[in-house]
1. Restricting the search to region A:26-49, which residues are away from chain B (no Cβ under 13 Å) and either surrounded by fewer than 24 Cβ atoms within 10 Å (Cβ to Cβ) or within 14 Å of A:Thr396 (Cβ to Cβ) (or both)?
2. Name the residues in region A:340-382 that are basic (Lys, Arg) and not in a strand (DSSP E or B), would you?
3. If we keep just the residues of region A:359-379 that are within 18 Å of the chain's Cα centre (by Cα) and among the aliphatic types (A, V, I, L, M), which is surrounded by the fewest Cβ atoms within 10 Å (Cβ to Cβ)?
4. Exactly one condition in (1) away from chain B (no Cβ under 14 Å); (2) more than 21 Å from the chain's Cα centre (by Cα) is false for A:Pro244; which is it?
5. Does region A:289-316 hold any residues that are buried (at least 23 other Cβ atoms within 10 Å of the Cβ) and part of a helix (DSSP H, G or I), and which are they?
6. So which residues in region A:140-186 are within 11 Å of chain B (Cβ to nearest Cβ), in contact with a Ser or Thr (Cβ under 8 Å, 6 or more places away or on another chain) and β-branched (Val, Ile, Thr), if there are any at all?
7. If I filter region A:215-232 for residues that are more than 14 Å from chain B (Cβ to nearest Cβ) and within 27 Å of A:Glu292 (Cα to Cα), do I get at least one hit?
8. Taking the options B:Gly83, B:Gly120, name whichever one is at positive phi and not acidic (Asp, Glu).
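The values are calculated or read from the model by the stated rules, or taken from the named source; none is laboratory data. Remember, predicted model here, so these are calculated numbers, not experimental data. With ideal geometry, Cβ positions are generated from the backbone for all residues, glycine too; neighbour counts draw on all protein chains shown.
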Amino acid sequence: MEHHRHDVVVVGAGIAGLYAAMKAGESADVGVLSKVYPTRSHSGAAQGGCAAALGNEGNDSWEFHFYDTVRGGDFLGDQDAQELLVKEAIPVMYEMEHLGVPFSRTAEGKIAQRPFGGHFADFGKTAVKRACYAADRSGHAQLHCLYEQSLKQGVRFYNEFFVISLIIEDGTCRGLVALEIRTGVLHAFWARAVMLATGGYARAWRVTSNSHANTGDGLALVAAAGVPLEDMEFVQFHPTGLYPHGILISEAARGEGGYLFNNDGMRFMEKYAKSKMELAPRDVVSRAEQTEIDEGRGIDGGEYLHLDLTHLGEKTILERLPQIHELVVKFAGIDCTKKPIPTQPTAHYSMGGIPTDLDTRVLRDGKKQAVEGLFASGECACVSNHGANRLGTNSTLEAAVFGRRGGMVMARFVKEAGPILPGAERPTREAEEGFEHLCASSGPESAKRIRAELQASMTDNVGIFRTAAKLQKQVALIRDLKARFENVGISDRSRRFNTEITELIELKYMLDFSEVIAVSALAREESRGAHSRNDYPKRDDNQWLRHTLAFREADGSLRLDYKPVVITRFQPEERKY
Amino acid sequence: MERQFKIYRFNPEAAPAASFQTYTVDIQHAWTVLDALNAIKWDQDGSLSFRRSCRHGICGSCAMKINGKNGLACEVQVESLKGVITVEPLPGFKVIRDLVTDMDGFFSHLEAVKPWLIAGTPPTDKERVQSPEDRKLIDGLYECILCGACTSACPSYWVNDDFLGPAALLKAARYVMDTRDDGLTDRLDVLDSRNGIWRCHTIFNCVEACPKSLNPTEAIVKLRQKLAALRI
């Protein structure tokens with residue numbers, strides 16, 4: 001095993017990880033591990049924009065953004081975190097511009113902004129242009145800029161290093177063990193501060209907007225170390241996945257004025273959100289779509305609807321939505337300036353994740369007590385900014401604001417924390433033994449079949465509409481899949497760039513957190529945000545205005561605990577759009 | 001429909017020389033080459049190695065040579081290809097295994113052009129002002145996904161892999177042409193060197209190879225014009 005030392009080690013090189021690395025790199029020695037090359041990270045697939053109440057294109061304020069975020073999250077978000085998010089959005093957006101992000105511009109040369117679902121002025125009244133964008137390549141523009149700035153900062157990158165174990169001893173994180181994919185060699189990284197910025201996990205669903213890499217690695221790693229996972233039942237289904245792939249068609253398409261039609265040629269959103277129509281938040285629109293599909297009004301009776309942009313005109317589409325135009329041509333063979341786009345809800349974003357405080361410190365009890373030296377930010381973390389449903393363009397915003405914040409916190413922390421402690425031999429040896437055990441897998445079970453069954457069943461049973469029966473079935477099924485995983489076999493015995501083994505470890509991670517999702521969803525007997533229970537169709541603030549915490553016990557079982565929601569300014573009210 | 005895929009195989013742990021292996025795949029409607037590679041890996045041969053991530057043409061992981069042309073496996077529709085489909089790693093780069101090439105040199109060339117904003121004046125507490133017309137100057141430059149298809153297709157790079165190559169030079173143009181940037185002179189020693197902009201022989205392979213329809217050759221010409229203007 002090779003050994004490395006850095007003050008700070010960041011796992012994941014999307015917007016959150018890179019912002020953290022760049023900021024910490026101003027005063028600390030930083031290493032970044034990414035299982036892909038950094039610019040391959042899924043932040044680059046974000047299209048529509050990044051929210052900040054700059055007011056460049058109409059009257060806006062952070063308070064309106066605050067209210068929209070609280071209400072959009074169905075009052076489950078922690079309002080101290082949400083207030084911080086929307087306030088810091090403004091200076092962070094300017095900082096990203098100063099760093100070089102190529103934002104589109106208004107006629108006066110300011111950062112251009114566009115409307116998005118759930119963004120309103122005057123506390124929920126009229127649509128407002130709040131999403132700062134670079135055409136429909138906003139995430140790509142931010143990701144590349146932050147990567148390049150991290151290079152400038154002298155951050156050390158370990159590309160195609162895949163983390164297999166965290167080293168946590170006596171409540172302190174000392175480092176981690178990672179596989180160098182190219183050689184098959186294990187490396188130990190010793191650090192004062194470790195940040196997990198491993199992104200989302202919607203790969204556990206059959207229909208998903210997520211990349212192959214979005215397998216929730218960071219969540220599985222902390223859960224294995226006894227840290228709980230928070231609010232895992234809240235998974236966002238994006239209303240406009242390109243049928244049948246599930247590839248993202250940005251909400252910017254509706255922000256720019258796109259319509260949704262059912263098979264009767266009706267703009268069906270008028271039945272579900274009469275006032276806000278297509279610009280209602282994502283959970284509302286996805287439920288409406290699924291209802292139309294379930295009741296037989298999908299296009300030609302199928303599992304999709306139409307997103308129509310044709311009335312916007314070719315000029316607007318090519319100027320503001322060029323990537324969407326290209327994607328639809330390449331993957332559906334359709335020119336969206338002339339024909340509607342077939343769309344369906346697609347598993348997209350995880351509101352839940354690793355519980356942290358406002359300074360990105362990972363909380364081992366999920367409440368107050370931090371794991372010293374362990375941090376998390378971005379989609380893998382749960383602060384909680386998004387509550388039960390994330391607003392469009394708040395994801396890259398959270399990654400930027402909390403990645404940046406975490407970077408600064410870690411830089412201060414490592415200054416005070418003293419030298420990196422020599423690591424013990426036991427945890428690295430255990431990681432090595434576990435890895436060798438997996439490499440030697442030679443049972444009769446097929447990883448592909450287990451993965452396909454997991455993904456299909458998560459879409460069927462833990463999709464937009466849930467019931468106790470479906471969720472119970474899913475919990476049992478996942479436990480069966482986990483048992484089968486113990487008898488899995490692989491054929492590739494070589495060490496060099498063995499992606500059969502990395503896919504196997506990713507499958508293990510997915511099985512682990514999917515069980516947490518199903519168990520947490522089964523327990524929550526209400527409907528709130530993205531979690532819709534047919535058997536409990538109402539929100540129940542008396543019982544369920546609280547966060548779920550799921551602990552993996554030493555015997556492998558799951559234990560649920562709960563904690564109150566932080567409410568500072570906006571009391572829960574009925575959510576109507 | 002069944003299609004045949006002839007795939008480049010190389011794993012020095014198993015055999016010192018590369019070879020081709022042919023697989024027959026039952027192709028579903030609208031499958032891309034990446035879908036076919038996944039089907040081979042998951043159903044027939046777990047040892048086949050390739051990179052992939054976003055599967056919709058934005059991450060740049062899966063650039064490879066498909067029927068003689070560089071492209072993204074996730075974007076190329078199988079139905080658009082004729083005959084036996086030959087899949088090879090990107091040419092010009094060292095092969096690590098099968099379809100996986102060593103991209104470290106490619107990324108170090110990128111770093112060499114100082115791909116970050118070098119502004120001559122400190123920012124204010126708001127955004128720098130840039131007119132929509134000025135912002136348009138970097139359209140066609142900022143969209144690069146760093147897949148490597150262009151550099152891999154460049155004959156000048158094949159003979160000399162110290163040449164920065166079209167992707168790194170396109171990135172340099174993305175900053176040099178940005179009206180917020182004043183870093184041309186800081187980048188001169190790299191751009192105006194024997195492995196910089198003059199080593200491009202305007203063969204235009206890069207333009208044909210780019211899956212995002214960008215034009216690195218034109219970007220290099222713009223850099224030459226900027227340099228020429230600087231000298232006057």
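1. Once the filter is applied, which keeps residues that are away from chain B (no Cβ under 13 Å) and either surrounded by fewer than 24 Cβ atoms within 10 Å (Cβ to Cβ) or within 14 Å of A:Thr396 (Cβ to Cβ) (or both), region A:26-49 yields A:Glu26, A:Ser27, A:Ala28, A:Asp29, A:Gly31, A:Gly48, A:Gly49.
2. A:Arg364, A:Lys367, A:Lys368
3. Across region A:359-379, the extreme among qualifying residues is A:Val362.
4. Single failed check for A:Pro244: (1).
5. Passing the criteria: A:Glu289, A:Glu292.
6. A:Ile181
7. yes
8. When all the criteria are applied, what remains is B:Gly83.
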